[in-house]
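Chemist: Could you have a look at this structure, given as structure tokens, before my questions?
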Amino acid sequence: MTLLREAIGDSLRRARLAQNRTLREVSTSARVSLGYLSEVERGRKEASSELLAAICEALDLPLSRVLWDVSTLMAGADGPTAGAPADDAAAAAAAESEPTAAEPAAQDESAPAPATAAMSAADVAARPLPLAEDTRIVIPAPRSDMLVLVKGV
């Protein structure tokens, strides 16, 4: 289980390192002690909203971006939960693909296996969607202010 303070600290540290800045530079700019900023980044201290705002301002990073990064990280760490939309989609896919008594199952060996209740949401999501040939999928390009660069270790 990922703790919120750890996820916030990871996000702040990644942003600081992406800017090639030191703890000392950011702590001075944010008017936070060096030791306290270090503790926040390591997930040892719970930072107040005022402190987070000051650190984000020092990093020239919107607080909303940090919170978005953290929520994405936390959602990925938790995985699908009971009653989540992914589970509802898996249940719907399973219900659609199971043959009824009036509709016997096809015996075509080359056809993909139907979705069952035992399939995970990831398995259902990995199956290709039946799309018309002329269907266009448009994925918007990310805005530059929404990107956080992460330096490889």
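The values are calculated or read from the model by the stated rules, or taken from the named source; none is laboratory data. A quick note: this is a predicted structure, and the numbers were derived from the prediction, not measured. A quick note on method: Cβ atoms are made from the backbone with ideal geometry, for glycine too, and the neighbour counts reach across all protein chains shown. Only protein heavy atoms, including side chains, enter the accessible area calculation; ligands, DNA and RNA are left aside. Shrake-Rupley method; radii C 1.70, N 1.55, O 1.52, S 1.80 Å.
Chemist: I need every pair where a residue in segment 46-66 that is more than 15 Å from Arg14 (Cβ to Cβ) has its Cβ under 7 Å from the Cβ of a residue that is not in a helix (DSSP H, G or I), sequence separation at least 6 or different chains.
Modeler: Leu51/Val32; Ala54/Arg31; Ala54/Val32
One line per residue, one yes/no per condition, for (1) among the β-branched types (Val, Ile, Thr); (2) modelled with pLDDT under 95; (3) assigned to a loop (DSSP other than H, G, I, E, B); (4) open to solvent by 40 Å² or more (accessible area, probe 1.4 Å):
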| site | (1), (2), (3), (4) |
| --- | --- |
| Thr2 | yes, yes, yes, yes |
| Arg5 | no, yes, no, yes |
| Asp10 | no, yes, no, yes |
| Arg16 | no, yes, no, no |
| Glu39 | no, no, no, yes |
| Gly43 | no, yes, yes, no |
| Ala47 | no, yes, yes, no |
| Ile55 | yes, no, no, no |
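Chemist: Could you run through segment 16-35 and say how many residues are touching a helix residue (DSSP H, G or I) at 6+ places or on another chain (Cβ under 7 Å) and closer than 18 Å to Trp68 by Cβ?
Modeler: 1
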